[in-house]
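The values are calculated or read from the model by the stated rules, or taken from the named source; none is laboratory data. Treat the numbers as computed from the prediction; the structure is a model and nothing was measured. Glycine also receives a Cβ, built like all others from the backbone with ideal geometry; neighbour counts cover every protein chain displayed.
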């Protein structure tokens, strides 16, 4: 296995390709993915999913968790750079556990009465169904 110094999955995959003297086409054939998909992974444009991790693990003889952990760590690092997300995270307060023996917050006394469903008034006749002609029979 090549010595890993990179932090992104694409560069790590490139290192494996060099170590094993493979190219995206050969890897694609071996793992039943397109050459384009392999290239996109090396450019970090496609994430290493669980099915892909399982394929790479089988091909290179390491665990799928290696590839999944690599992808997860890369995504965490990338998201840490997202200022909008960081702003949202700063506004979230940590949940607090209630003190031992404390009672749960009281539930609302009663639920508001459910509104009555709209429908026919009592005693009203059922409307004629679609596509049916009204009856022309005279009442006796």
Exercise for the section: Can you give me the ranges of the helices (runs of 4 or more DSSP H) entirely in region 44-140 with at least 3 residues that are loosely packed, with under 10 Cβ neighbours inside 10 Å and at pLDDT 90 or above? Expected result: 83-91
Handout entry: Residue list for region 12-27, filter: part of a helix (DSSP H, G or I), touching a helix residue (DSSP H, G or I) at 6+ places or on another chain (Cβ under 8 Å) and more than 14 Å from residue 57 (Cα to Cα)
Key = 14, 24, 25
Completion exercise
When residue 95 is run through (1) more than 22 Å from the chain's Cα centre (by Cα); (2) closer than 30 Å to residue 19 by Cβ, the failure sits at (2)
